[in-house]
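Report on the structure given below.
The values are calculated or read from the model by the stated rules, or taken from the named source; none is laboratory data. Keep in mind it's a predicted model, so treat the numbers as computed, not measured. Glycine also receives a Cβ, built like all others from the backbone with ideal geometry; neighbour counts cover every protein chain displayed. Just the protein is used for accessible areas: all its heavy atoms, side chains included, with ligands, DNA and RNA removed. Shrake-Rupley method; radii C 1.70, N 1.55, O 1.52, S 1.80 Å.
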Amino acid sequence: MEHKIDRISELPDPILEHILSFIPTKQTLQLSILSKRWQRVWALFPVPEFNQFPFDKNLRKVPPNEKEQEIQRKKEEFINFVERSLLARYWQRLNLNKFSLVTLFDESDYAFVNRWIDYAIECNVKELNLDFSVRMGQKRYELPERVLVANSITELTLYVCKLKSFYSDINLSSLKKLVFSIVVVESQLVQTLINSCRDIEEMTFERCSGFKSIRVSGLPKLKAIALLLNSELESVEIEASNLESLVLKVYRPPCQINFDPCENLKKLVLHSCCITDKWLHDVLSKLQLIECLDLADCSMLKRIKISSHRMKSLTFISCSKLVEVDIVTPNLHRLKYEEILSIERHYEETADNISFKVLPVFMYDAFFQHYFQFLSDN
């Protein structure tokens, strides 16, 4: 009988990893137990996200009297799948590059979720992504303390959960990227968390609640901060010498903003911020490297001047009291101007030299007519 040669298993690791990227997660797990060769490749292959919702597809086709039973069966199938996948690595003491969990959480899931997080941390997980949807009236998942002392984590992303008011210790010494979205967390804990992440490069707080202030300083590697629609935020203080991007979208003005203008800042986005003409002028005069400025719903702005040889993108949206704009931006590539109750307009050409004045801005059609006429003449 002719012996069949397994030529696929003899392929280089990068090619086998590429093959695995096209195979569903269940089949990937099965392949990993076929041979030591595939087991080693699977150990290096990033684990895809464990998402409960694909397991729940086709539930609409289930008769109403069988739906609850089918939902429970699908949930058990998902739980068993995650258990098998993580245990296969845990028993072999394989490092885990990424653990991503997307699930519809209820309180009966605590034991399973906590155990999965323990497995991931024991496997020195680097990227931890936890996304918990909850039904109406259900309590949010409360993050265990062990996550906040996991030195292996370089990226931590949390959606729809809660952090306790007190943790005995926080030490995420390897953290580079932090994302909180729809998370309940108190001011003191936010501050302790930020102060403990000395090497952090990116942080985002989006639609979070529970904290009223945030102060960022002493983080030399920090490159980007995004504070987006956090419902109780009242005060922002930022001192970050190497910051390149700052995005601040206020949920409920006023919000006090103080930041030591960062000489390396290239992108500044301010939405619904109570800033004055003088405040903006003083800040921009110190930002010599600024390339992108986005202002929206900044209702206190009236007359502004923007002068920059590095500016490439300008956006003005619904700044209701703005009546005069003086702009000198010879390297501008893109201008976006959107009025209240009006379609937005875009400009995406390059001019060698642009210096124009608009008075008043609310003469929308005249503004763009004269602006494009100016470009055609130059």
Q: Please give the peptides 93-106, 275-288 ranked by average Cβ packing (other Cβ atoms within 10 Å per residue), highest first, as a rough proxy for protection.
A: 93-106, 275-288
Q. Given a 1.4 Å probe and every protein chain left where it sits, what share in percent of the accessible area of segment 280-322 is carbon and sulfur?
A. 46 percent
Q) Could you give the radius of gyration (one decimal) and Dmax (whole number) of the Cα atoms in segment 83-137, in Å? A) 12.0, 40
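Net charge around residue 244, counting only other residues with Cβ within less than 12 Å of its Cβ (Lys, Arg = +1; Asp, Glu = -1)? The partial results should precede the final answer.
Numbers: positive: 221, 223, 266, 267; negative: 201, 202, 263, 291.
With Lys, Arg at +1 and Asp, Glu at -1, the net is 0.
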Q. Rounded if a/c is under 1.5, else prolate if a/b beats b/c, else oblate: with a ≥ b ≥ c from the C-alpha gyration tensor eigenvalues square-rooted, which is segment 143-263?
A. oblate
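In segment 63-170, carbon and sulfur make up what percent of the accessible area (probe 1.4 Å)?
Numbers: 2550 of 5470 Å².
Whole-percent figure for carbon plus sulfur exposure: 47.
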